[in-house]
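The values are calculated or read from the model by the stated rules, or taken from the named source; none is laboratory data. All values reported here derive from a predicted model rather than from experimental measurement. Cβ coordinates were reconstructed from backbone atoms using ideal geometry, including for glycine residues, and neighbour counts include every protein chain displayed. Surface accessibility is based on the protein's heavy atoms, side chains included, excluding ligands, DNA and RNA. Shrake-Rupley method; radii C 1.70, N 1.55, O 1.52, S 1.80 Å.
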Amino acid sequence: MLPKRRQWIAVPGGSVTLGDKAGTHKVERFTISKYPITYAQFQAFIDDHGYGQDRWWQGLAKRFTEPGQASWPVAPHPRESVSWYEAIAFCRWLSDKLGQT
C-alpha cells in the first residue's frame, strides 16, 4: 500500500533562511507526499524487514531494530511515534521501491 505517484508534490530547490540565527541554507529540489504516510503504508516497510536491512540505516547516527508502538494502529490513519531516523530509513526504502532518488 505505497503512496501513488500522483500524490507527490515537487518542491523546487533554492535557499531557506531559518529563524533563531540558524542561517541561510541551500536546499536541493525534492518531492514530498501530499498526504501523511499512513499506518498501513509504514507497515509495508516493517513487513519488508526495513528495520533489519542495513542499507536503509547507513550513515545515520541512530539505528532502531524494531518500531515503537503506534498510538493509533488503524490502517488509513497517519503513522505516528516514528523518529526522524526511522522516517529517513522509510523514505530511503520507499524511494527504492518507487525507483526514485
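Mind checking the dipole of the chain: about its Cα centre, +1 per Lys or Arg Cβ, -1 per Asp or Glu Cβ, Debye to the nearest 20? That gives the chain a dipole magnitude of about 420 debye. Relative contact order, whole percent, for the chain stands at 24, derived from Cα pairs under 8 Å and 6 or more residues apart. Here r is the Cβ-Cβ distance between Trp72 and Ala22 and R0 is 30 Å; the resulting FRET efficiency, rounded to 0.05, is 0.40.
Relative contact order (percent) for region 42-101, with alpha-carbon contacts under 8 angstrom and 6 or more residues of separation?
The value is 37 percent.
Per residue, the accessible area of the chain comes to 71 Å² when a 1.4 Å probe rolls over the protein heavy atoms. Local charge for Lys62 was computed over the other residues whose Cβ lies under 14 Å away, with Lys and Arg +1 and Asp and Glu -1, and equals -2. Over all other residues within a Cβ to Cβ distance under 14 Å of Asp47, the charged ones net out to 0, with Lys and Arg as +1 and Asp and Glu as -1. Based on the Stokes-Einstein relation at 10 °C and a viscosity of 1.306 mPa s, and on the Kirkwood radius from alpha carbon pairs, the chain is assigned a translational diffusion coefficient of 105 µm²/s. Each of the peptides 48-60, 80-92 was scored by the mean count of other Cβ atoms within 10 Å over its residues; in descending order, highest first, they stand as 80-92, 48-60.
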